[in-house]
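Before any comments, here is the structure.
The values are calculated or read from the model by the stated rules, or taken from the named source; none is laboratory data. Small disclaimer: the values here were computed from a predicted structure and weren't measured. Counting neighbours? That spans all protein chains shown, and the Cβs are built from the backbone with ideal geometry, glycine included. For the accessible areas, the whole protein counts, side chains as well, though only heavy atoms, and no ligand, DNA or RNA atoms are used. Shrake-Rupley method; radii C 1.70, N 1.55, O 1.52, S 1.80 Å.
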Amino acid sequence: MSVVLVERDGPVAVVLLNRPDALNALSGELMDALVSALEELDSDEAVRCIVLGGSERVFAAGADVAELAAAPPIELYENRRIDRWDAIRALRTPLVAAVSGYCLGGGCELAMLCDIVVASETAQFGQPEINLGVLPGAGGTQRLTHAVGKSLAMDVILTGRFLSADEALRAGLVARVVAREAWLDEAKRVARGIASKSPVSVRLAKESIDCAFDVPLTAGLELERRAFYLARASDDATEGLTAFVEKRRPDFKGR
């Protein structure tokens, strides 16, 4: 059975982690398969948004601890494990995380790589690596701090405690919390909404928002301004503005 399942629904693709017996632990095999699937979808112009999920019980419970324990430290460095995470970060297609149940360690780091997190009311987020004598190594100390602030990030990472879905929502880690049975349907609904917009403006907006975490405000404003002019030069912008004036739905082509 494949460790990653891929479905297509028009312009929306759904990618599901599929190691149920291991609580979707992020083994090297799973991460390689995940990156391969996401990059293939990202290169497909017909795909305008991707949903990434696990199961109702668990998004991903973290790294594959047995695999990590067996690997010599120098091997972890030389096999470039973190390159897989960088590849996901480099995706241009918007990525919506559909989180239900446990979202811990590497699973939490994976969710934070996504552009929008939709969580079930059962979701629990955490970075419990401290309990194993290590610390987050795929962006957890940085992205969690950006998302929720220093004090709460310190609390979660240094104590290993979990955040409930409601706590994560209040802290800004997730965008929406829905009923247990709606975790995947709501993420798909969000993705369909994004997919209905101009792919040009969506990607430029995504790049501009990502930039806000990497550069000073002045540089970010300059990038935003250039992105706006570039979007306005697209056929999609002309179509969108014309459709508004003509009181009809726009037909975006991604050009």
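Around the amide H of Tyr102, modelled in the peptide plane, lie the amide H atoms of Val58, Phe59, Gln124, all under 5 Å away and 5 or more residues distant in sequence or on another chain.
Remark: the stretch 183-195, residue by residue, has Karplus-estimated 3J(HN,Hα) of 4, 7, 4, 5, 4, 5, 5, 4, 5, 5, x, 5, 5 Hz, where x stands for each Gly or Pro and the curve is 6.51 cos²θ - 1.76 cosθ + 1.60 at θ = phi - 60°.
I need the phi-derived Karplus couplings for the stretch 45-57: 6.51 cos²θ - 1.76 cosθ + 1.60, θ = phi - 60°, integer Hz, Gly and Pro marked x. For the stretch 45-57, the Karplus-derived couplings read 5, 6, 8, 10, 7, 10, 9, 10, x, x, 10, 5, 7 Hz, x marking Gly and Pro. Note on the stretch 142-215: with neighbouring protein chains present and a 1.4 Å probe, carbon and sulfur make up 55 percent of its accessible heavy-atom surface. Heavy atoms of the protein chains alone define the surface here; on that basis the chain has 53 Å² accessible area per residue at 1.4 Å probe size.
Here each label is just a point 7 Å from Cα along the line to Cβ, and for Asp166 and Glu40 those points are 4.2 nm apart. For Val174, the amide hydrogen comes within under 5 Å of the amide hydrogens of Leu169, counting only partners 5 or more places away or on other chains and with H modelled in the peptide plane.
Close amide-amide hydrogen proximity is noted between Gln127 and Gly105, each under 5 Å apart and 5 or more residues distant or on a separate chain (H modeled in the peptide plane; Pro and chain starts excluded). The length gained on full extension between Ile209 and Thr145, counted as 0.36 nm times the residue separation minus their Cα-Cα distance, comes to 21.4 nm. The stretch 108-185 gives an Rg/Rh value of 0.96, both radii derived from C-alpha positions and Rh following Kirkwood. Of the beta bridges in the chain, as assigned by DSSP with both residues counted there, near 25 percent are antiparallel.
Kirkwood radius for the stretch 1-77, taken over all pairs of different Cα atoms as the inverse mean of 1/r, rounds to 13.5 Å.
Packing around the peptides 219-225, 236-242, taken as the average count of other Cβ atoms within 10 Å per residue, puts them in this order, highest first: 236-242, 219-225. Across the stretch 91-105, rounded Karplus estimates of 3J(HN,Hα) from the backbone phi angles (6.51 cos²θ - 1.76 cosθ + 1.60, θ = phi - 60°) give 4, 8, 6, x, 10, 10, 7, 10, 10, 9, x, 6, 9, 10, x Hz, Gly and Pro being marked x.
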